[in-house]
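In what follows, a structure is listed as structure tokens, so that the remarks can point back to it.
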Amino acid sequence: MQALSTVTGALGSVKKAAGRVTHRQSQLENNLAEATSNAKWGCANTLLHEIARSSLDFQEYTTIMTEIWSGMSEKGPKWRRVLKSVSLLEFLMKNGN
């Protein structure tokens, strides 16, 4: 039974890596994913400042706001993502566009 869970975990990792290769996220999308993750820790201020600088461009501003609204619509066990999205929005109001 443990071997099955090990294989399942390995396949999940391969699937995630293949998804990253085929999707090819931009640097901004990677930064947004890290800034609004459901992880137990926050993100670096340099990351927040990079996102704030990116918000000056209209195309990237649209990407940023889409990710923020997506994070704010999470429910239940992903409450950290909601909190981080609101924190990012506050940071952008103070330092971005």
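The values are calculated or read from the model by the stated rules, or taken from the named source; none is laboratory data. All figures in this text were calculated on a predicted structure; none of them were measured in a lab. Neighbour counts are summed over all protein chains in view; Cβ atoms, including those assigned to glycine, are modelled from backbone coordinates with ideal geometry.
Summary of values
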read-out: Of all residues making up the stretch 18-40, the number that are at pLDDT below 65 and either on the phi > 0 side of the Ramachandran plot or surrounded by fewer than 10 Cβ atoms within 10 Å (Cβ to Cβ) (or both); value: 2
read-out: Leu56, sole failed condition from (1) of a type in the set (A, V, I, L, M, F, W, C); (2) surrounded by 13 or more Cβ atoms within 10 Å (Cβ to Cβ); (3) not in a helix (DSSP H, G or I); value: (2)
read-out: Residue count for the stretch 21-53, restricted to those that are part of a helix (DSSP H, G or I), closer than 13 Å to Ser87 by Cα and of a type in the set (Val, Ile, Thr); value: 1
read-out: Residue check for Thr36: touching a residue at least 12 places away in the same chain (Cβ under 8 Å) and in contact with a Gly (Cβ under 7 Å, 6 or more places away or on another chain); value: yes
